[in-house]
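Remarks on the structure that follows.
The values are calculated or read from the model by the stated rules, or taken from the named source; none is laboratory data. Quick caveat: nothing in here was measured; it's all calculated off a predicted structure. Neighbour counts run over all protein chains shown; Cβ positions are idealised from the backbone, glycine included. Just the protein is used for accessible areas: all its heavy atoms, side chains included, with ligands, DNA and RNA removed. Shrake-Rupley method; radii C 1.70, N 1.55, O 1.52, S 1.80 Å.
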Amino acid sequence: MSDHDQQQLHSLVLSAELNSENENVEQLGPIIKSIYDTERQEAFLEQLATFVRKKEGEIERMCNSNYQEFVHSVDQLLKVRQGTVNLKNKIIDLNYDVQKSGKKVAAKKKELIQTRKTQKNIDEAVDTLQLCLHVLDMANRVNHLVEERKYYSALRVLEELQTVHLRKVIQYEFAKHMHESIPVMQNSVKDAVTKEMKEWLFRVRQVTRQVGKIAMEQMSLRQKRWKAKVSQNPDLRSVPVSSPIEIVMNEENEFNIINNDEVQIDFKPLYQCLHIHEELGKLSEFKTNYEDDRRAQANLVLSQSYTLRDSNEKGFEAFLQDVVGFFVIEQIIVQSTQNFRSRAEVDSLWNTVIAKVVKIVAESLDDCRDPELFKQIKFSLFTFIQTLEDYGYNVNTFTDLVLIIFQKYSDMLKHKFSVDFHQTIIDDDYMPMQVSFREEYDAVVDACWFKEDNRISQGFPKTLPFSQAYPSCCLDIKNFVNQYYQFAEEDSKKYSYVDDIVQQTLDHLLIDHVDGALRGKLQSTNMSQIVQIIINLEYFESACGELEKLLKAKRSSHRGGKIKLYAIDEFRETRKKAEKRIFELVNSKIDDFLEIADLILNPDVKKINSNAIINFDLDVTFLENFARGLDDPNIADAFLELRQIVTLLQAENAEEYLDPSLRNRKYSRLRPADVVNLFEKWLRDQAVINMDSEERARKRAMEGVVRSLRLSSS
């Protein structure tokens with residue numbers, strides 16, 4: 001019992017002594033309640049008993065000292081005792097009441113304590129539930145962020161969820177399950193961003209052709225602008241497009257291929273996908289998948305079919321635009337990313353694709369038969385090559401394709417002009433060409449490098465030494481060279497074999513279709529035409545030298561060396577064969593004439609007429625002219641006897657044969673017996689009734705010669 005309770009109890013007893021008639025229950029109540037609340041009832045009763053004993057001892061001491069007072073005190077004590085008994089009873093009753101009330105209070109307090117525990121548990125449960133709800137909300141937020149395509153934010157939320165919030169509730173099953181599901185949720189983010197990237201790839205595939213078209217158009221504009229600058233400044237002629245000098249000087253080069261009025265490509269889906277895979281440590285997986293997807297798209301480009309028949313180049317151009325667009329986008333990705341698309345990886349894909357491109361283009365060119373279409377194809381293809389080279393791709397692989405293009409175009413021209421040459425050779429009359437007007441003459445001179453000869457008449461009409469075939473072929477040859485170099489444009493500066501192809505093709509044209517055709521003519525042509533062919537061949541030999549000069553002028557300025565056309569040797573060889581053929585024909589003709597002469601002198605031939613003598617004269621004259629051209633006196637002498645026969649038969653006075661001086665000078669090869677034979681045959685064919693006076697005089701003269709010769713022989 002505390003000092004405070006003791007003081008209260010002492011005050012209560014004093015009050016009871018002073019007011020024995022009154023009950024201080026009201027004062028006792030709070031004390032009892034306090035004792036009960038503090039559960040010190042036993043201590044209070046013990047203290048109360050101690051207090052009673054103390055008082056009894058005090059009473060006993062007082063009694064011993066003063067009996068009366070003792071008696072009086074006893075009486076008081078009795079009263080006190082009675083009061084104490086009454087007080088005790090009241091305390092008992094009060095204690096009962098207090099205990100009864102205390103039980104209710106205790107029950108209430110216990111209920112309050114339990115309620116407080118429950119409330120605490122509820123508060124803890126609410127806090128835990130709030131934390132769990134926050135975790136679930138964050139998990140749900142991940143889904144919303146994915147739907148909003150905020151993939152990196154979704155990963156950050158998952159990371160925060162995993163490292164911070166789940167640890168606070170990890171004791172719960174749902175948290176353990178959610179913690180195990182974090183990788184799945186990360187994969188779902190990865191799958192979502194990958195799906196968006198693949199959708200982006202599909203959209204890129206749809207605009208790839210447009211990107212390629214714009215890139216090639218921009219390159220074409222650059223080429224035109226540069227040509228204009230080169231025309232103003234010839235010193236720039238050796239500077240190609242895409243060189244540092246061209247890039248610096250061409251200020252209009254800046255053009256955004258992927259962000260313009262026609263095309264807008266946002267690379268965010270790719271970059272976002274790349275970033276997400278980096279964060280998840282799966283960059284190599286993404287690189288592999290991306291490589292597979294791009295290779296599949298490249299194969300899709302290569303699987304397209306198109307034809308160059310019927311002058312249709314649209315499919316071909318679209319194919320080139322697809323390839324350019326594909327690799328322009330690849331180059332942009334290489335330049336705008338790090339550790340994703342390496343130059344080596346793109347070059348590997350480039351080498352794989354471009355080998356197939358070369359094969360496809362080379363095969364498709366077999367379908368093209370139109371030279372004009374071929375020019376368009378070549379222009380598109382060279383713009384294609386220049387564009388890709390400008391984006392840093394190695395275009396050396398196209399060297400073979402460029403060679404094929406020029407070879408096929410030259411073959412196409414060769415076929416076209418070979419037909420013209422063949423028709424020219426076939427249609428030629430192989431007679432010296434005549435021109436009637438100055439304009440016509442100037443055109444011939446310009447076409448065939450002809451230099452006027454003093455032996456040619458000055459006025460018009462003029463007779464030229466060669467036939468129509470020569471200037472026609474020369475004009476076609478010039479057209480062939482000009483058309484080829486118009487097709488080649490400036491490409492011979494870059495590709496040296498461009499010059500070699502035209503030289504080889506021109507040689508083949510001259511050898512196979514000019515020289516070859518003329519050589520074929522040698523076996524089916526008369527002597528005069530062969531003579532004209534020889535003259536033409538001489539001019540063709542001279543023209544080869546002029547053609548070599550023309551090719552030298554057309555050749556790229558940086559190339560040196562001598563140009564040699566082997567056709568000149570073939571023309572020279574054919575000319576020799578033509579001359580040999582002339583000798584064969586001359587020998588044959590001589591044999592024929594000698595046979596004809598022997599018919600003339602043969603006794604079986606009874607007569608000859610004037611027409612036969614005239615024709616015979618023409619043949620002898622041709623042989624004589626040809627023999628003089630050969631500068632061989634032995635051949636010329638072979639026709640002397642024939643000429644003397646014709647001269648004697650056509651002489652106005654046949655009797656001059658009887659003059660020894662004239663006979664030795666004009667008829668040295670004719671024997672008198674042969675003269676008698678010839679005159680008698682001629683005289684047998686003459687009809688006297690149709691003769692005029694001159695013919696009668698010739699007849700009489702011949703008859704006189706015959707008689708004289710017969711008399712002299714007898």
ask   = Could you count how many residues in region 87-98 are modelled with pLDDT of 75 or more and not charged (D, E, K, R)?
value = 3
request  = With respect to GLU317, determine if the residue is more than 20 Å from PHE255 (Cα to Cα) and assigned to a helix (DSSP H, G or I).
outcome  = yes
ask   = In the set LYS699, LYS681, which member is charged (D, E, K, R), closer than 16 Å to ALA612 by Cβ, assigned to a helix (DSSP H, G or I) and out of contact with any strand residue (DSSP E or B) (no Cβ under 7 Å at 6 or more places or on another chain)?
value = LYS681
request  = Could you please let me know if SER242 is more than 30 Å from ARG156 (Cα to Cα), open to solvent by less than 50 Å² (accessible area, probe 1.4 Å), under 29 Å from the mean Cα position of the chain (by Cα) and at pLDDT below 85?
outcome  = yes
query = Any residue at all in region 407-417 that is under 30 Å from LYS268 (Cα atoms), hydroxyl-bearing (Ser, Thr, Tyr) and either open to solvent by 10 Å² or more (accessible area, probe 1.4 Å) or modelled with pLDDT under 85 (or both)?
reply = no
ask   = Within region 340-387, can you find the residues that are open to solvent by less than 30 Å² (accessible area, probe 1.4 Å) and not in a helix (DSSP H, G or I)?
value = PHE340, ARG341, CYS368
Pick from region 167-198, criterion assigned to a helix (DSSP H, G or I) and of a type in the set (Ser, Thr, Tyr), ranking: farthest from LEU129 (Cα to Cα) = THR194
task = For region 645-671, name all the residues that are in a helix (DSSP H, G or I), open to solvent by less than 60 Å² (accessible area, probe 1.4 Å) and farther than 17 Å from ASN611 by Cα.
result = ALA654, GLU656, TYR657, LEU662
task = Tell me, please, whether a residue that is farther than 23 Å from GLU285 by Cα and of a type outside the set (A, V, I, L, M) can be found in region 334-350.
result = no
Only listed residue being surrounded by 12 or more Cβ atoms within 10 Å (Cβ to Cβ) and at positive phi, chosen from ARG141, ARG149, ARG156 = ARG149
query = Would you pick out the residues in region 108-138 that are open to solvent by less than 90 Å² (accessible area, probe 1.4 Å), among the polar types (S, T, N, Q) and over 24 Å from LYS176 (Cβ atoms)?
reply = THR115, THR118
ask   = Is there a residue being surrounded by 13 or more Cβ atoms within 10 Å (Cβ to Cβ), at pLDDT below 80 and at negative phi anywhere in region 331-339?
value = no
inquiry  = Among the residues of region 485-508, what is the count of those that are among the hydroxyl-bearing types (Ser, Thr, Tyr) and modelled with pLDDT of 85 or more?
reply    = 1
inquiry  = For region 394-409, check the following and say yes or no: at least one residue is over 29 Å from GLN503 (Cα atoms) and in a helix (DSSP H, G or I).
reply    = no
key: Unique match (being modelled with pLDDT of 85 or more, under 23 Å from ALA362 (Cβ atoms) and buried (at least 16 other Cβ atoms within 10 Å of the Cβ)) among LEU270, LEU320   = LEU320
key: Total residues in region 600-619, condition within 20 Å of ARG671 (Cβ to Cβ) and not in a loop (DSSP other than H, G, I, E, B)   = 4
